[in-house]
Amino acid sequence: MSDRANTVLELDDIQSGVLRPRPAPYVATYIALRIDDRSAGRELMRRASQAVTSAANPNSPLADTWVSIALTYQGLKALGVPEESLDSFSWEFQQGMAARAEELGDVGENSPEYWEKPLGSSDVHVVIAAVSPNSTRLEAALDRARKTYQSIDGIEAIWRQDCHALPNEKEPFGFRDGISHPAIEGSGIPGSNPHEEPLKAGEFVIGYPDEMGSIQTTSPELLGRNGTYVVFRKLHQRVAEFRRYLKSHSTNHADEELMAAKMMGRWRSGAPLALCPLHDDPTLGADPRRNNDFQFQEDDPAGLKTPAGCHIRRTNPRNASIAGFARIHRMIRRGTAYGPTLPDGVLDDDGADRGLMFAFVGAHIGRQFEFVQSQWINDGVFFGGGDDKDPIVASGGNPINFTQPRKPVRKRLQGIPRFVVSRGGEYCFMPGLQGLRWLANFET
Ligand code: HEM
């Protein structure tokens, strides 16, 4: 048997939120905490190790509600974690998201000085996320979460974000979200693309072999094992501006919808252009057995159906011919929407804050999240697209251009407005349950 078949993940030590797809529909709450007192922080870790659920028993009726807990580098420092352990974490994590602004294209209006406080500051130490299919069960999960920090002097809740599913599992721009997920060997949770060979567990969980044949460890090994990195990023979406742009650059509604689909790579229903390039097919869009069952290279090398520069082909080029090796840049996503829906047809901005709490899960912040944001979203060189960028999600200072291959002539959109603005975020480490216990009990 190959190594792949032999990997057994210690699911009972991995936090639920790492591997399990979030429920649909969902409600979720994120809470950021500051640790003002070391021993209070360690008591928080002790209680958290009892409140979070593990990824074991995926079939339990309670498995779709969970509380997860993650720490920033500043959080580990606030607990008094020894230098040797701190140094064993990934360099990007040690820096934190705000320090990586230039790399991520967080410049101009996206830059950390304009982020929602306290995101990106040294005050955010712990992020708790509670996720559930409905508000009653979320409340129960939040109660469990609150018991980990309330009534402890020296722990302060400093930020909260509530999120909720929009109708038909759509994100605020109106596209179905939460469709494509990687398969992870040993997890028992199937991926959504039948053509994708499961990825080595070490791509997503610390302590296991990854696609490069390396095993990431921390000091002590127990601290990092079965943990992972999580990137939270609050992304404000300019929905009215996106709608206005589509309208003013098309001649009729069908044209407008085609342009939106070309930018995303999927119709709003989730149906992929790869399988229905000419018109939407909502039945296909809603069918999890078919809506991710495609590749790019053999069928569409030039991007005539799915442009190489659209959001989904950039962020997962599958087997398309690109510079580099796509499998080492995959990620688990756990995005949740926030803010009120802008009613259908409204073209004027109502001033409300709405968008996505983007959440990345992976064992390699640098070659997964940062690489995808900086090279695949904010640049086009990897597929031969020059300095074209992701037309929907790009950040960075330069103009956003997008090319739609077409016969007889391509269509080129230049100077596309920025539809997504970063409101801030954090790089976090989500320990395994034993890691949490280590953080509660390590010797100083
Ligand atoms: C507000 C910002 C964003 C919006 C509205 C958005 C929306 C979407 C939608 C609608 C899909 C297709 C449905 C699906 O496969 O789940 C998708 C896929 C995806 N997005 Fe985003 N996204 C955003 C930001 C990002 C960012 C910042 C990243 C990475 C740094 C990212 C990475 C991905 C990946 C990896 C996929 C799956 C592609 C595939 O496997 O086909 N997205 N996104």
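Of note:
- Region 59-91, subset modelled with pLDDT under 95 and surrounded by fewer than 15 Cβ atoms within 10 Å (Cβ to Cβ), residue nearest to ALA201 (Cα to Cα): ASN59
- Test: residue in region 331-342 that is under 19 Å from MET263 (Cα atoms), within 10 Å of the ligand (Cβ to nearest atom) and among the aliphatic types (A, V, I, L, M): no
- Some residue of region 383-390 being touching a residue at least 40 places away in the same chain (Cβ under 8 Å), of a type in the set (A, V, I, L, M, F, W, C) and closer than 23 Å to LYS234 by Cα: no
- When the residues of region 358-402 are filtered to those that are of a type in the set (S, T, N, Q) and buried (at least 21 other Cβ atoms within 10 Å of the Cβ), the one that is nearest to the ligand (Cβ to nearest atom) is GLN373.
- Within region 287-311, if we keep just the residues that are surrounded by 16 or more Cβ atoms within 10 Å (Cβ to Cβ) and more than 12 Å from the ligand (Cβ to nearest atom), the residue that is farthest from TRP376 (Cα to Cα) turns out to be ARG290.
- Residue check for MET331: crowded, with 20+ Cβ neighbours inside 10 Å, in contact with a helix residue (DSSP H, G or I) (Cβ under 6 Å, 6 or more places away or on another chain), among the aliphatic types (A, V, I, L, M) and in contact (Cβ under 8 Å) with a residue 12 or more places away in the chain: yes
- Qualifying residue in region 431-443 (condition: in contact (Cβ under 8 Å) with a residue 12 or more places away in the chain and at positive phi): no
- Test: residue in region 229-246 that is assigned to a strand (DSSP E or B), in contact with a His (Cβ under 9 Å, 6 or more places away or on another chain), touching a residue at least 24 places away in the same chain (Cβ under 8 Å) and within 15 Å of the ligand (Cβ to nearest atom): yes
- Search result, residues across region 240-271 that are among the small types (Gly, Ala, Ser) and within 26 Å of ALA352 (Cα to Cα): ALA240, SER248, ALA260, ALA261, SER269, GLY270
- Residues of region 192-219 satisfying the condition of being more than 19 Å from PHE325 (Cα to Cα), surrounded by fewer than 20 Cβ atoms within 10 Å (Cβ to Cβ) and small (Gly, Ala, Ser): SER192, SER219
- Of the residues examined, GLY324 is not one that is farther than 13 Å from LEU273 by Cα, surrounded by 12 or more Cβ atoms within 10 Å (Cβ to Cβ), near the ligand (Cβ under 9 Å from one of its atoms) and at pLDDT below 95.
- Taking region 172-188 as the range and being hydrophobic (A, V, I, L, M, F, W, C), more than 6 Å from the ligand (Cβ to nearest atom) and surrounded by 21 or more Cβ atoms within 10 Å (Cβ to Cβ) as the test, only ILE184 passes.
- Verdict on LYS407 being of a type in the set (D, E, K, R) and either crowded, with 21+ Cβ neighbours inside 10 Å or in contact with a strand residue (DSSP E or B) (Cβ under 6 Å, 6 or more places away or on another chain) (or both): no
- Odd one out for GLY425, checked against (1) within 11 Å of the ligand (Cβ to nearest atom); (2) in a loop (DSSP other than H, G, I, E, B); (3) of a type outside the set (A, V, I, L, M): (2)
- Scope region 343-357; condition more than 13 Å from the ligand (Cβ to nearest atom) and either in contact with a Cys (Cβ under 6 Å, 6 or more places away or on another chain) or at positive phi (or both); matching residues: GLY345, GLY351
- Looking across region 269-286 at every residue that is assigned to a loop (DSSP other than H, G, I, E, B) and under 22 Å from the mean Cα position of the chain (by Cα), the one that is nearest to GLN373 (Cα to Cα) is identified as GLY270.
The values are calculated or read from the model by the stated rules, or taken from the named source; none is laboratory data. Just so we're clear, the structure is a prediction, and the values are computed from it rather than from any experiment. Don't worry about glycine lacking a Cβ; one is built from the backbone with ideal geometry, like all the others, and counts go over all protein chains shown.
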